[in-house]
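Have a look at the structure below before the remarks.
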Amino acid sequence: MSDRPTLLDPTGGTAIEKVHPAKRPDSLDGKVLGILVNAKPNADVLFGMIEKRLRERHAIKKVVWGKKEFVGHRAPPGLVESMASECDAVITGTGD
Amino acid sequence: MAAQEHTGDVILETIEECFERGWTDGLPVVPPTPAGLERMLRGTRRDPQEVIGILPPKSGVLTVEKVALNALMAGCKPEYMPVVLAAAEAIADPVFNLSATAISTWGRAPLMVVNGPIRHQLGINSRSNVFGPGWRANATIGRTVRLLMRNVGGALPGELDRATLGHPGKYAYCIGEDEEHSPWEPLHVQRGFPPEASVVTVFNCGGPHQFGLPRGGAETILNYLTDFLQSLTLFGRGGAADLTVVLDEEQRRILGDADYSKRDVQKFIFENTWRTAGEIRAAGSHFLPDDSDMPDDQRCGLFQSEEAIYIVAAGAGNRFGAFMPTSRSESGVRGPVSRQIEI
C-alpha cells in the first residue's frame with residue numbers, strides 16, 4: 001500500500017479550443033493562392049520555388065504574397081485576416 | 001529507525017514521481033502537495049483561481065494557483081510570491097513576446113531584474129556572484145519562471161522549445177539591481193516607477209558574455225566593451241537589435257566619477273558599435289536585407305537606438321561586466337516589461 005502524498009498538477013489547461021484544419025481545396029485551378037513568408041533568410045527563395053512548381057502544375061488564378069516584418073514577431077495586424085479573406089488556400093512555413 | 005527510513009523512501013519516491021510526470025527542469029523539485037500549496041498561497045491575498053495571463057506556446061492558462069505550485073516546486077518561500085506573481089504577469093504580457101523567447105532556436109530566456117526594497121526583504125542578490133549560485137531568492141524565483149514556461153506554457157526542450165544550444169540562464173535568470181552602490185538612476189525609476197516601489201523588469205536575453213577590464217579610466221572601459229561588441233559575430237541575422245549590459249561596482253564608480261550617466265553610456269555604446277555594410281556582407285551575414293543596396297562603405301549600427309541599450313548596475317568586485325544580446329524591441333509594441341510588485 002502506497003502512502004505517498006497526493007500531488008497537485010502544476011501544468012495548465014490550454015486556452016485554445018479544439019480547432020480543425022481548414023477544408024483543403026480539391027484543385028488549385030482557378031484559385032487564389034496565398035504564400036505567407038516567415039521572414040527568415042532564404043524563405044523567399046524556398047517559397048519562390050514552391051510557387052514556380054505549383055504554377056507549372058495548376059492553372060492558379062493569382063498568387064498573393066504576404067510577409068512578416070520580423071521572424072521573431074507575429075504577423076502584423078490584419079495580414080492573416082486579409083489573406084484569409086482573399087485567398088482560397090495559403091501556404092506558410094519556415095525557411096532558413 | 002525503520003520508520004525514518006520508510007519516510008525517506010517515500011520522499012525520494014515522490015520526487016521521482018515528479019520526474020516521471022515530466023514536471024521538472026532536470027533537477028529535483030519539492031513535491032506539489034496540497035499542504036505545500038496552502039502554505040505557498042499564504043504569500044498572497046489573490047484568489048488562487050484568478051487568471052493572470054496566457055502563456056505561449058501552448059496558450060496555457062496561468063492562474064495564481066499554478067504560479068504557487070510551480071513556485072513551491074522551485075523551492076520558493078511563501079514571501080517570494082509577490083515577486084513571482086509580478087514576474088509571471090510580466091512574461092505573460094503580449095508585449096514581452098514570450099512565444100519567441102520560449103521556442104526560438106536562438107535559445108534566449110527571460111532575465112528578471114528586481115529593484116526596490118523587496119531585494120533586501122527577500123535577500124535578492126545584486127552584488128558578488130550575481131549570476132551565480134548561492135542565493136535562494138535569485139535561484140528559486142528565477143527557476144519558477146522556467147517551470148511556469150515548461151509546465152504551463154508547454155515549452156518543453158526538444159519539443160516546442162527548439163533552442164539549438166540554450167544557456168544556463170534557462171534554469172534561473174534573476175538578479176537584483178545594486179541601487180545602493182550605483183551613481184545612476186535605478187532601472188525602475190528610468191522606467192517610470194517611484195524610487196520606493198519594488199519592481200521586476202524582464203528582458204529577453206541570451207547568456208551573459210563576460211568581460212574583464214584592464215586598468216584605465218571611463219573611456220578605457222567603454223572602448224573595451226564596444227570593441228568586444230563590434231565582433232561581426234554579433235551582426236547576426238535580422239538587423240539592429242537591443243542589448244542589456246551589466247556593469248559592476250568598480251566600473252560604475254569609474255564611469256560615475258567621470259560624469260557618465262546611464263544615458264551617456266548608452267549613447268557611447270550606440271555610437272561606437274558599427275561595421276561597414278561591405279564588412280557585414282563579406283562575412284556572409286544576413287544582418288542586411290538580401291535586397292539591400294547600401295553602399296559598401298556605409299556604417300551599419302549594431303543596435304537600433306540608444307534607448308534599446310539597457311544598463312543595469314549589478315555585481316561587486318574587480319572590473320567585470322557582462323552583456324546580453326537582447327531581442328529587438330519595437331516601441332510600444334514589443335520589448336522589456338516591468339511590473340510593480342504588490343506586497
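The values are calculated or read from the model by the stated rules, or taken from the named source; none is laboratory data. Please read these numbers as outputs of a predicted model, since none were measured by experiment. All Cβ positions, glycine included, derive from the backbone under ideal geometry; neighbour counts span all protein chains shown.
At-a-glance table
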| quantity | calculated |
| --- | --- |
| Per-region count, the stretch B:316-343, residues among the small types (Gly, Ala, Ser) and in contact with a strand residue (DSSP E or B) (Cβ under 6 Å, 6 or more places away or on another chain) | 5 |
| Any hit, the stretch B:93-101, residues being over 19 Å from B:Asp25 (Cβ atoms) and free of Cβ contacts under 8 Å to residues at least 40 places away in the same chain | yes |
| Residue in the stretch A:66-74 that is farther than 30 Å from B:Leu148 by Cβ and either surrounded by 12 or more Cβ atoms within 10 Å (Cβ to Cβ) or modelled with pLDDT of 85 or more (or both) present | yes |
| Hits in the stretch A:31-64 - residues which are touching a helix residue (DSSP H, G or I) at 6+ places or on another chain (Cβ under 7 Å) and under 28 Å from B:Phe287 (Cβ atoms) | A:Ile35, A:Leu36, A:Val37 |
| Single unsatisfied condition, B:Gly116 versus (1) within 14 Å of chain A (Cβ to nearest Cβ); (2) at positive phi | (1) |
| Candidate set: the stretch B:99-118, residues that are over 12 Å from the mean Cα position of the chain (by Cα) and farther than 18 Å from B:Glu177 by Cβ; chosen: the one surrounded by the fewest Cβ atoms within 10 Å (Cβ to Cβ) | B:Thr105 |
| Selected residue (criterion: nearest to the other protein chains (Cβ to nearest Cβ)) from residues of the stretch B:265-296 that are buried (at least 17 other Cβ atoms within 10 Å of the Cβ) and of a type in the set (A, V, I, L, M) | B:Leu288 |
| Close pairs (9 angstrom Cβ cut-off, 6 or more residues apart or separate chains): closer than 11 Å to A:Leu33 by Cα in the stretch A:75-92, surrounded by 13 or more Cβ atoms within 10 Å (Cβ to Cβ) and of a type in the set (Lys, Arg) anywhere | A:Cys87/A:Lys31; A:Asp88/A:Lys31; A:Ala89/A:Lys31 |
| B:Gly207 loosely packed, with under 15 Cβ neighbours inside 10 Å and out of contact with any Pro (no Cβ under 6 Å at 6 or more places or on another chain) | no |
| Some residue of the stretch B:302-325 being in contact (Cβ under 8 Å) with a residue 40 or more places away in the chain, of a type in the set (Asp, Glu) and touching a helix residue (DSSP H, G or I) at 6+ places or on another chain (Cβ under 6 Å) | yes |
| Residues satisfying the stated conditions in the stretch A:32-59, i.e. more than 14 Å from chain B (Cβ to nearest Cβ) and among the basic types (Lys, Arg) | A:Lys52, A:Arg53, A:Arg55, A:Arg57 |
| Residue list for the stretch B:331-343, filter: of a type outside the set (A, V, I, L, M, F, W, C), more than 18 Å from the chain's Cα centre (by Cα) and within 21 Å of B:Ala240 (Cβ to Cβ) | B:Ser331, B:Gly332 |
| Unmet criterion (only one of (1) closer than 27 Å to B:Thr105 by Cβ; (2) at pLDDT 95 or above) for B:Ile311 | (1) |
| The stretch B:55-94 - residue that is out of contact with any helix residue (DSSP H, G or I) (no Cβ under 8 Å at 6 or more places or on another chain) and away from chain A (no Cβ under 12 Å) and, of those, surrounded by the fewest Cβ atoms within 10 Å (Cβ to Cβ) | B:Asp93 |
| Whichever residue in the stretch B:26-54 is aliphatic (A, V, I, L, M) and within 10 Å of chain A (Cβ to nearest Cβ) and, among such residues, is nearest to A:Val19 (Cα to Cα) | B:Ile54 |
| Count - residues of the stretch B:1-53 that are among the polar types (S, T, N, Q), closer than 26 Å to B:Gly154 by Cα and not in a loop (DSSP other than H, G, I, E, B) | 1 |
| Single residue of B:Asn125, B:Asn151 found to be more than 14 Å from chain A (Cβ to nearest Cβ) and modelled with pLDDT of 95 or more | B:Asn125 |
| Hits in the stretch A:2-25 - residues which are facing another protein chain (nearest Cβ under 7 Å) and part of a loop (DSSP other than H, G, I, E, B) | A:Asp3, A:Arg4, A:Pro5, A:Thr6, A:Leu7, A:Leu8, A:Pro10, A:Thr11, A:Gly12, A:Gly13, A:Ala15, A:Ile16 |
